[in-house]
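The values are calculated or read from the model by the stated rules, or taken from the named source; none is laboratory data. All values derive from a computational prediction rather than experimental measurement. Note: ideal-geometry Cβ built from the backbone for every residue, glycine included; neighbour counts use all protein chains shown. Surface areas here come from the heavy atoms of the whole protein model, side chains and all, with no ligands, DNA or RNA. Shrake-Rupley method; radii C 1.70, N 1.55, O 1.52, S 1.80 Å.
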Amino acid sequence: MPVRPPLLLAVLAGASCASIEDQTGWYAGASLGTAVLELERGQGDTAFAFDEEDTAWKAFGGYRWDFPHFFLGLEGGYVDLGDPPAFFPDLRVQLDAAGINVWSLAGVNVGPFGLYAKLGGIFWDIDSVATGATTEAFDEQGVDLATGFGMRVEYEAVELRAEVESYDIADTRNVQMLSLGLGWTFCAAR
């Protein structure tokens, strides 16, 4: 039997936090934004310097411990940094970048507002195809450091967040994501 939206909303409302001051618990959400990708790849005829932006998105979830004036959290998720193309005089490059990230968060609360910093890592995968005099494909994976900061605004169990994340991916000059997202907190049992 399918779950109807009003019933689902009632269940979610019952699982949400009783007050804005007590947001300790599990949360989940999604963000949409822009990724900046700057890197150099290839050799000889297929060498290229890539500097493009594309639409990016991510899904995230985690657990947050809320205290009177600060909070701590652990978060993980999937990030899709887009698949922007770039065109050069004798070369076309298509890039596809994504990863799984893990974060630790620490921030301060000022009423319904919060400012926070993030430190973690990304398990990344970058696929690229350079088409010119010859065609060359690159498929690279790795694990590297990630940092970020953000601001959140909460109303009951709903959170609006704005974030900047930087990924220190090997052999790249700059990989960043700027995003806006929505989250939902499922508070811990009292």
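For the range 156-172, does any single residue satisfy the condition of being basic (K, R), under 16 Å from V102 (Cα atoms), at pLDDT 95 or above and open to solvent by less than 50 Å² (accessible area, probe 1.4 Å)?
no
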Using the structure shown, decide if G148 is over 11 Å from the mean Cα position of the chain (by Cα), in contact (Cβ under 8 Å) with a residue 40 or more places away in the chain and assigned to a strand (DSSP E or B).
-> no
Using the structure shown, decide if D139 is in a strand (DSSP E or B) and at pLDDT below 90.
-> yes
One residue from T46, T24 being surrounded by 14 or more Cβ atoms within 10 Å (Cβ to Cβ) and modelled with pLDDT under 60 = T46
